[in-house]
Amino acid sequence: MNARQRKKERERQYRRYRLKKRLQLIGGALSIIVIVFSLISMIHTILLSKTIPAYETDTGVQPTSPPSSISSESEKPVEESETPQPTITLVPEEVSSSDMSSASEKTPSDYDYSKPIDENIKVDLDYFDDAVFIGDSRTEGFIMNTGLSNTTSYTHKGLTVDTVFTSPVITLNGEKLSVTEALAQTGFSKVYLMFGINEAGWVYSEVFVEKYAELIDTVREINPQAQIYLQSILPVSEKTSKTHEFAKQDKLNEYNQLLRQLAEEKKVFYVNAAESMTNTKGFLPEEAASDGIHLKKEYCLKWLDYLCTHTI
């Protein structure tokens with residue numbers, strides 16, 4: 001074999017060597033891609049297997065004007081309590097998938113969400129075993145005065161549809177959390193919402209509705225199968241409406257109309273609890289609350305009775 005032939009042979013060997021290396025690199029890259037896709041698939045499967053997905057803290061737009069709240073001096077849900085604390089009564093940690101899916105199964109497909117829930121057969125108190133009550137001091141007083149200890153309540157004085165995302169007012173497992181963060185760690189099938197008295201001082205009604213809608217969306221994100229009961233805002237007394245800085249009955253009436261529209265839009269159940277507390281003039285009876293806002297025990301029990309007879 002002469003020199004020219006040896007040179008050609010070396011060139012052929014070099015080309016085969018380069019081709020072999022390229023094939024090895026391509027094979028290695030394909031193996032890495034397969035492994036990555038397998039890992040992604042495993043992670044996706046694990047996330048889908050979770051009953052309640054993790055909630056990310058809200059970073060939405062804050063109200064245009066600084067929200068006002070009911071003053072702390074007048075805010076006493078229970079007359080004997082001077083400094084009410086957030087009420088937390090935990091339900092069992094896990095709710096079976098059949099229980100969680102029952103909410104949607106029991107709701108007729110043609111349900112009219114534009115109307116308040118009609119009066120139905122009264123349910124027992126164990127109906128609220130898997131419920132979570134979320135609200136301000138009025139809901140806090142409701143839980144304390146009715147002794148509804150079999151349910152979960154995430155409430156706090158001055159809480160609003162804005163601070164429900166951000167204020168660490170709930171202590172859960174030794175950690176301070178916002179209401180929505182705590183809800184993401186709680187098993188539930190029903191949620192009762194009531195806000196509006198503290199937001200009555202907000203300049204823009206649209207902000208109230210937008211934040212309320214965001215709260216409903218967040219509850220659905222945490223548990224898509226949960227029944228959501230949107231309660232109308234309870235009235236205030238005539239005296240309070242005339243003298244309070246911002247808790248005016250006309251404003252609450254406006255908010256309640258907007259909440260009915262929101263319930264229809266979001267397809268949640270509107271509970272007109274306010275009708276059980278309204279006198280012939282459209283106000284809360286003077287004897288119902290010592291400050292015209294926070295209900296006495298007798299009226300908290302009336303509120304509970306109304307909820308028991310207005311369920312889906």
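Values quoted throughout were computed directly from the atomic coordinates according to the rules given, and no laboratory measurement underlies them. The structure presented is a predicted model; accordingly, all values stated were derived computationally and were not measured. Counting neighbours? That spans all protein chains shown, and the Cβs are built from the backbone with ideal geometry, glycine included.
In a shell of Cβ-Cβ distance under 13 Å around Phe133, excluding Phe133 itself, what net charge do Lys and Arg (+1) and Asp and Glu (-1) give?
Numbers: positive: Arg138, Lys190; negative: Asp129, Asp130, Asp136, Glu140.
So the environment of Phe133 carries a net charge of -2.
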Segments 228-239, 139-150 sorted - mean Cβ within 10 Å per residue, highest first: 228-239, 139-150
Rounded to whole Å, give me the distance from the Cα center of the range 262-295 to that of the range 219-234. 18 Å
Describe numerically, in nm with one decimal, the distance between label points set 7 Å from Cα along Cα→Cβ at Thr278 and at Ile33. 6.5 nm
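Cα-Cα over 19 Å: which of Lys242/Lys302; Lys190/Lys267; Lys242/Lys281; Lys115/Lys211?
Working: Lys242/Lys302 25 Å; Lys190/Lys267 14 Å; Lys242/Lys281 13 Å; Lys115/Lys211 22 Å.
As for pairs spanning more than 19 Å Cα to Cα, those are Lys242/Lys302; Lys115/Lys211.
Quickly rank 262-275, 185-198 as a protection proxy: mean count of other C-beta atoms within 10 Å, highest first.
Result, highest mean Cβ count within 10 Å first: 185-198, 262-275.
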